[in-house]
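Nothing in this text is a laboratory measurement; each read-out follows from the coordinates by a stated rule. Just so it is clear, the structure is predicted and the values come from calculations on it, not from any experiment. Counting neighbours? That spans all protein chains shown, and the Cβs are built from the backbone with ideal geometry, glycine included.
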Amino acid sequence: MTTQAEIDRIARETKVIAVVGLSPRPERPSYGVARFLQARGHRIVPVNPGQAGGTILGEPVFASLSAIPDRDEVDMIDIFRQSDAVPGIVDEALAVLPNLRTVWMQIGVRHEGAAAKAEAAGKTVVQDMCPKIEFPR
């Protein structure tokens with residue numbers, strides 16, 4: 001279980017967040033969370049293969065984590081995908097994001113195997129929580 005102290009550290013220290021599954025539609029939760037994170041001063045990097053080449057919230061959208069040109073700047077991923085997609089996302093993140101510190105899975109998203117793999121690689125893992133709710137606490 002993630003402690004409030006860990007969440008406070010994540011909120012304070014995280015600079016660049018790849019939002020996996022970010023929707024361009026303002027009514028979608030991913031859009032509202034990404035907008036909130038931007039307003040807090042975090043840079044967001046949208047990852048959505050269906051929107052690649054476009055922009056969301058003023059940022060260029062990439063098809064995958066591997067496609068982000070400045071991958072070394074990403075220190076957190078925020079996953080807005082079904083739980084069964086998490087292992088592939090975590091595997092890719094561990095392979096291509098050299099400075100990744102945090103793997104965050106949104107409300108309703110959990111995968112114990114992928115979480116254990118990320119933790120074994122030294123990453124902080126948050127499951128089934130939302131930074132828009134947790135960061136202001």
Subject >> Among 86-94, 65-73, the order from most to least packed when residues are scored by Cβ within 10 Å on average >> reply: 86-94, 65-73
Original post:
Per the helix-only calculation at 222 nm, which mean residue ellipticity applies to the chain, given -39500 (n - 2.57) for every DSSP H run of n ≥ 4 and division by its residues, nearest 500 deg cm²/dmol?
Top reply: -9500 deg cm²/dmol
**OP:** Using R₀ = 25 Å, calculate the FRET efficiency as 1/(1 + (r/R₀)^6) where r is the Cβ-Cβ separation of Arg12 and Leu57; round to 0.05.
**Re:** 0.70
Original post:
So, in Å, what gap is there between the alpha-carbon centers of the range 10-62 and the range 90-137?
Top reply: 16
Subject >> Pairwise label distance in nanometres, Ala95 with Ser83, each label 7 Å out on the Cα-Cβ vector >> reply: 2.5
Subject >> Residues of the range 32-50 with amide N under 20 Å of a point placed 7 Å along Cα→Cβ from Ile107 >> reply: 32-40
Subject >> In sequence order, calculated HN-Hα J values of the range 132-137 (Karplus, 6.51, -1.76, 1.60; Hz; x Gly/Pro) >> reply: 5, 8, 7, 4, x, 4
